[in-house]
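The values are calculated or read from the model by the stated rules, or taken from the named source; none is laboratory data. Given the structure is predicted, the values throughout are model-derived calculations rather than measurements. No Cβ is skipped: glycine too gets one built from the backbone with ideal geometry, and neighbour counts run over all protein chains shown.
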Amino acid sequence: MCFQKKNYRKGGFTFKQFFVAHDRCAMKVGTDGVLLGAWAPVEGVQFALDIGSGSGLIALMLAQRNIALRVDAVELDSDAASQAQENFVESPWAERLKVINQDIISYSQKSPIQYDLIVSNPPYFEPAVACRDEKRDQARYTATLTHDVLLASAKCCLAPRGLFCLVLPYDAGEKMQKMAEGSGWFTAFRVNVSDKPTTDYHRLLLGFQLQEIQTQVTSLALKEECGEYTDEFRKLIQPFYVKY
């Protein structure tokens, strides 16, 4: 996604109702987080958990979409957790947002809350040649948070009728779906995302539940062939992007 340059402020990104500073975070504001934050179902949700929150982008988007929602944001990296806390304090919803600077494995074993909604924009690369930035490695590679561990941690924290939503590259998402369904999860939602109607799918939005349910499969193209955003994608981002 090409973010509008006028939305950028030094070290961050300006949305309609909040600003996300991300200069101390390994992963910056980008398409994946925006997609998940705009799409994850929040109607009727009271408590949400954002696993690997980074700058707090997704938590902020969820808080904007549901004025009764309380969001806990778990983030392992102390610099990112500190920046997320600053972003939360500066937002209109500070009293409903909480940062937890801890790894999700430890947190899930002692979580005091069963969450109605859990979201995550998780690492997706298998461990490989490390890049020079250790924190970026942590955010991008599954060495510190494998997908089976992520699923097990989410299962510990999720309410019986809750929903666990993720965004992943298409191939990684297909593997995650098979892994989830092999470990007691059911796929409630699957959104195949492409850049344009004629291009291959490159992202998957997935929603898992612990109770059997029929899968709703849909597709989303971000842009028309001419390069303009599609009406469907505009509807998702309109509450957030300054241009819309």
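For the reader, a short list of remarks on this structure follows.
- Restricting attention to the range 72-110, the residues that are among the polar types (S, T, N, Q), touching a Ser or Thr at 6+ places or on another chain (Cβ under 7 Å) and without any contact (Cβ under 8 Å) to a residue 60 or more places away in the chain add up to 2.
Yes/no per residue for (1) more than 19 Å from the chain's Cα centre (by Cα); (2) part of a loop (DSSP other than H, G, I, E, B); (3) at pLDDT 95 or above; (4) over 30 Å from ASP79 (Cα atoms):
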{"position": "ARG132", "(1), (2), (3), (4)": "yes, yes, no, no"}
{"position": "ALA180", "(1), (2), (3), (4)": "no, no, yes, yes"}
{"position": "ASN192", "(1), (2), (3), (4)": "no, no, yes, yes"}
{"position": "THR199", "(1), (2), (3), (4)": "yes, yes, yes, yes"}
{"position": "ARG203", "(1), (2), (3), (4)": "no, no, yes, no"}
{"position": "ARG234", "(1), (2), (3), (4)": "no, no, yes, yes"}
{"position": "PHE240", "(1), (2), (3), (4)": "no, yes, yes, no"}
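Condition check ((1) aliphatic (A, V, I, L, M); (2) assigned to a loop (DSSP other than H, G, I, E, B)) across all residues:
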{"position": "ASP23", "(1), (2)": "no, yes"}
{"position": "ASP32", "(1), (2)": "no, no"}
{"position": "ASP50", "(1), (2)": "no, no"}
{"position": "GLN64", "(1), (2)": "no, no"}
{"position": "ASP72", "(1), (2)": "no, no"}
{"position": "ALA80", "(1), (2)": "yes, no"}
{"position": "PHE88", "(1), (2)": "no, no"}
{"position": "ILE105", "(1), (2)": "yes, no"}
{"position": "ILE118", "(1), (2)": "yes, no"}
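- Output for the range 199-224, where each listed residue is among the hydrophobic types (A, V, I, L, M, F, W, C) and surrounded by fewer than 17 Cβ atoms within 10 Å (Cβ to Cβ): ILE213, VAL217
Yes/no per residue for (1) touching a residue at least 60 places away in the same chain (Cβ under 8 Å); (2) β-branched (Val, Ile, Thr); (3) farther than 30 Å from PRO92 by Cα; (4) touching a Pro at 6+ places or on another chain (Cβ under 9 Å):
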position	(1), (2), (3), (4)
VAL149	no, yes, yes, no
PRO160	no, no, yes, no
LYS175	no, no, yes, no
ALA180	no, no, yes, no
SER183	no, no, yes, no
PHE186	no, no, yes, no
SER194	no, no, yes, no
GLN214	no, no, yes, no
GLN238	no, no, no, no
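- The set of residues in the range 92-118 being among the small types (Gly, Ala, Ser) and either in contact with a His (Cβ under 6 Å, 6 or more places away or on another chain) or surrounded by fewer than 21 Cβ atoms within 10 Å (Cβ to Cβ) (or both) consists of ALA94, SER106, SER111.
- Residue satisfying all of: in the range 134-164; closer than 19 Å to SER53 by Cβ and in a strand (DSSP E or B); modelled with the lowest pLDDT among these: TYR141
- Of all the residues in the range 170-198, those that are among the small types (Gly, Ala, Ser) and surrounded by fewer than 17 Cβ atoms within 10 Å (Cβ to Cβ) number 3.
- Residue-level analysis places LYS196 outside the set of residues that are farther than 15 Å from VAL119 by Cβ and in contact with a helix residue (DSSP H, G or I) (Cβ under 8 Å, 6 or more places away or on another chain).
- Per the listing LYS10, LYS28, LYS6, LYS16, the residue uniquely among the charged types (D, E, K, R) and at pLDDT 90 or above is LYS16.
- Of all the residues in the range 34-48, those that are in a loop (DSSP other than H, G, I, E, B) and either in contact (Cβ under 8 Å) with a residue 60 or more places away in the chain or under 13 Å from TYR115 (Cβ atoms) (or both) number 6.
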